[in-house]
Amino acid sequence: MLSRVAENLYWLGRYLERAENVARLAAVNYRASVEERSPDEDEAVLWDALVQAIGSDAAYAEAAGSERDLSSGEWLIFSARNPGSLVSTITRARGLARELREHISREVFEEINLLYLASDESAASRGLRSYTATVQRGVAATMGLYDNTVLFDEGGEWLRCGMFIERADMTSRIIDAKYYMLLPSLADVDGPLDRYHWLAILRSASAHEAFRKRYRGSIRGTRVAELLMLDSAFPRSLRFCVSALERHYKLATAGTPRMRALPVARELALMDLELGSTSTGDIMTSGLHEFLREFQVRVNRVHTTITDEIFHAVPASMP
Amino acid sequence: MGEPGDLLAEYSQLAGPDEMFDRDGGIRTNYAHLGARLKGWGERDYHARQAAADLDQLNGGVTFTVYQDDAGTERIFPFSLIPRVIGATEWARIEAGLVQRVAALNRFLADIYTQQRCVTDGVISADVLGGAEGFNLRAMGFVPPLGVYAHIAGIDLIRDQGGEYRVLEDNVRTPSGVSYVLENRRTMLNAVPDLFPAGAVASVDDYPDRLLDMLVSVRPDSVSAEETRAVILTPGQANSAYFEHSFLARQMGVELVEGRDLVVHDQRVYLRATTGLERVHVIYRRVDDEYLDPLVFRPDSILGVAGLVDAYRSGQVAIVNAIGNGIADDKVIYRFIPDVIRYYLNEEPILPNVDTWVGTHPEDLAHIIEHLGDLVLKPANGSGGYGIVIGPQSTRAEIEEARERVRAHPSGFIAQPLQEFSTIPTFNGTRLEPRRADLRPFVVTGATSWVLPGGLTRVAADSESYIVNSSQGGGSKDTWVLRGRGEA
């Protein structure tokens, strides 16, 4: 498979996953902003936490400085000036899909194209909730169509690699953005305010119903952290993402010279092993925030190595 | 809106001939079925069907890129519901004429880049050849596999006042438009399946297979048909025809590559793949000659592949269409193509040219000078910067001035009569109006030639216009070639 095509598919997977995550986070935030919330917490604070979570707070501060009315919600969802906004992410995914048309089915292209067509100026006027719902459904439909209309070949493995690396990164950011809330709860009794926060975190990761199935009884910080980080069956947990990434990477690089594929394979195997043999208690003891930061650094290194060793490497020897 | 009227019944024609209606307003035989189906369709019916067709193309991403726009906006090619219909006998003659013309163009190119017998024998004078654009020194002395240069040709036709099809222009470099032929048919079948006479319209689905077979057939000798790897080379997503490049790659199941995806080692071309380098044998390029290889053409081109021309000339890779074809579709050379057909094939041309006089030819020059008031004067190449002068619509002073310019720089001009060509009914949002239309059929040539039934029918943007280009707001229609009987 062409290196450029493999890289584009990988990024298509990343952008689609990112779009779905941002849409879901925005929907949860929106719900929180219309429902009851603690009196000292205003709407802007909720959004600001989100802006911070997806790593564009500096850019937002700059844009908000020149455009007084720009709310962080608009910046995050509809602003074409924010390269990380939902609208921009969809536009990029669609640009890649257009470039990749001969590698994806007509059905997959049309689904992404429909999302793009729904992301024009009129998106904001139809309302945030309606738009984020469109994106969530559209991404889910796209992935479903991909599974059912495209060959299960190297290209599909790269798309899934992109998807899971993005998801691993996103879940770790979601937990990290609320880590300060998780910490005191270890000792605290569960008050109504706490429960409300736990629900919001679980919803941010589409984990609410999974949590209920997994654990009887009340929502506790340690349990939430365990589900989102270490559960091997919850499809958004760090452990699940790393295992899936390792599996798809192995399939994607089946034909790649061993020396080039090996560093990432080894790192992923190690990460998988570590996540499988640690506990929430260990992580909390040595520092949740530090654990998450290190996780993000390692995921990012995997990304860089794949890019350099697989996508951008000039083959040294002749066939 | 009141009672919907029958738009077909309210149609009024222009001075030129109409494809659907005869002079007395009767529906021509080839359109009888269509006329019966459209009977009673009012404004609302056309609107609803048009909306369905437009949405089908927009959702499918059937678009072209508008260059003038900074944002690189994509537009759908305006699509018009009423098709052009061509009868089987009529089509057989067009087909024979196209095959004949392409055969002569290939013979001409092979001769021009080797012995130049046509110049020695006086068919093309040295002056005419010297004044023409598109001659490429890098193609000299090399004959591509099977002697084919114009593997894919798009020959633009119009139908004149007398109902005769004439060649308006040859396109044998990288003609585009075929993807719209296939997509227009798909849209028609989705939006207005009820208009089709069941089983009577020739299918256009065969094109990708025919194209792929041809690409494999011109492979280097050293490789078998089964092992042949063909690719499409595109300038990239910003190119106005990108949709088509991607479409054809998808339909044929071949890789769509950019210059940066290819690398040449030891006169062999390779793909840069995740698993290493993979050999490429045939390149269907949609990149112009001058951007193909920075080592021999424009050194600043980033669209090409260094060493590609060397690999081509060594026979290790086939390039489709061949390098140097620009000489065959030059505006001045066009004037002599009927002679070229007689010279190489010893046959009379089946499809005539539009009458053309060129400044580089002494007798033609005299004719232009004398009859300028009745002719349309055009620059012989785009780079001249001179405008078009329409004789019948100009003042005596303007004609005199144009005459002086021609005398001063004869090789810069060609002239043609003002051409009335046929119209086809087109829905303009409220009613049906006549729009001038041309036809670009596509000819695929390997060991033999194959013609896609029909081709791309392009229509002008309004009733006044004579220009059918998409850049001028023109649109397109489906083209039906009827099978067997049921025609005039």
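Quick notes
- For the range A:214-228, the criterion of a residue being of a type outside the set (A, V, I, L, M, F, W, C), touching a Lys or Arg at 6+ places or on another chain (Cβ under 8 Å), assigned by TED's automatic domain parsing to the domain that holds A:SER172 and under 25 Å from A:GLU157 (Cβ atoms) is satisfied by no position.
- Close pairs from the range B:85-106: first among the hydroxyl-bearing types (Ser, Thr, Tyr), partner buried (at least 18 other Cβ atoms within 10 Å of the Cβ), Cβ under 7 Å, at least 6 apart: B:THR89/B:GLU487
- Among the residues of the range A:215-244, those identified as surrounded by 19 or more Cβ atoms within 10 Å (Cβ to Cβ) and under 16 Å from A:ASN21 (Cβ atoms) are A:LEU228, A:PHE234, A:ARG236, A:SER237, A:LEU238, A:PHE240, A:CYS241, A:ALA244.
- Filter pass, A:ALA252 being under 24 Å from A:LEU151 (Cα atoms), of a type outside the set (D, E, K, R) and within 14 Å of chain B (Cβ to nearest Cβ): yes
- Top-ranked residue in the range B:447-460 [being open to solvent by less than 10 Å² (accessible area, probe 1.4 Å) and not hydroxyl-bearing (Ser, Thr, Tyr); ranked as farthest from B:VAL216 (Cα to Cα)]: B:ALA460
Here's the yes/no breakdown for (1) touching a residue at least 60 places away in the same chain (Cβ under 8 Å); (2) in contact with a Pro (Cβ under 8 Å, 6 or more places away or on another chain); (3) within 29 Å of A:GLU110 (Cα to Cα):
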site	(1), (2), (3)
B:GLU244	yes, no, yes
B:ALA249	no, no, yes
B:GLN267	no, no, no
B:LEU271	no, no, yes
B:THR275	no, yes, no
B:HIS281	yes, yes, no
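- Note on the range B:331-350: residues that are crowded, with 21+ Cβ neighbours inside 10 Å and part of a loop (DSSP other than H, G, I, E, B) total 2.
- The lone criterion from (1) within 14 Å of chain A (Cβ to nearest Cβ); (2) open to solvent by 30 Å² or more (accessible area, probe 1.4 Å); (3) under 26 Å from B:PRO83 (Cβ atoms); (4) in contact (Cβ under 8 Å) with a residue 12 or more places away in the chain left unmet by B:SER203 is number (1).
- The one condition in (1) under 30 Å from B:GLN57 (Cβ atoms); (2) surrounded by 19 or more Cβ atoms within 10 Å (Cβ to Cβ) that B:ILE124 fails to fulfil: (1)
- Check on A:TYR196, touching a Lys or Arg at 6+ places or on another chain (Cβ under 6 Å), more than 20 Å from A:ARG160 (Cα to Cα) and among the hydroxyl-bearing types (Ser, Thr, Tyr): no
- A:ILE283 meets all of the listed conditions (1) touching an Asp or Glu at 6+ places or on another chain (Cβ under 8 Å); (2) open to solvent by less than 30 Å² (accessible area, probe 1.4 Å) but one, namely (1).
- For B:LEU212, the requirement of being within 30 Å of B:GLN316 (Cβ to Cβ) and in contact (Cβ under 8 Å) with a residue 40 or more places away in the chain is met.
- Only one of the numbered conditions (1) in a helix (DSSP H, G or I); (2) within 26 Å of B:LEU452 (Cα to Cα); (3) touching a Phe, Trp or Tyr at 6+ places or on another chain (Cβ under 7 Å) is not met by B:PRO83, and that is (1).
- Residue count for the range A:148-168 under the criterion of being of a type outside the set (Val, Ile, Thr) and under 19 Å from the mean Cα position of the chain (by Cα): the result is 12.
- In the range B:404-458, counting only strands (runs of 3 or more DSSP E) that sit wholly within it, the ones holding 1 or more residues that are of a type in the set (Ser, Thr, Tyr) span B:423-427, B:442-445, B:449-451.
- Residue within the range A:123-136 that is within 14 Å of chain B (Cβ to nearest Cβ) and modelled with pLDDT of 95 or more present: no
- Residue check for A:VAL264: of a type outside the set (S, T, N, Q), within 14 Å of chain B (Cβ to nearest Cβ) and crowded, with 19+ Cβ neighbours inside 10 Å: yes
- Pick from the range A:1-36, criterion small (Gly, Ala, Ser) and within 14 Å of chain B (Cβ to nearest Cβ), ranking: surrounded by the fewest Cβ atoms within 10 Å (Cβ to Cβ): A:SER3
- Filtered residues of the range B:127-155 (kept if open to solvent by 10 Å² or more (accessible area, probe 1.4 Å) and either closer than 23 Å to B:LEU351 by Cα or part of a loop (DSSP other than H, G, I, E, B) (or both)): B:ALA132, B:GLU133, B:GLY134, B:PHE135, B:ASN136, B:MET140, B:GLY141, B:PHE142, B:VAL143
- All positions within the range B:286-329 that are part of a helix (DSSP H, G or I), touching a residue at least 40 places away in the same chain (Cβ under 8 Å) and open to solvent by 40 Å² or more (accessible area, probe 1.4 Å): B:TYR291, B:ASP310, B:ARG313
The values are calculated or read from the model by the stated rules, or taken from the named source; none is laboratory data. A quick note: this is a predicted structure, and the numbers were derived from the prediction, not measured. In this analysis, Cβ positions are derived from the backbone assuming ideal geometry, glycine residues included, and neighbour counts consider all displayed protein chains. Surface areas here come from the heavy atoms of the whole protein model, side chains and all, with no ligands, DNA or RNA. Shrake-Rupley method; radii C 1.70, N 1.55, O 1.52, S 1.80 Å.
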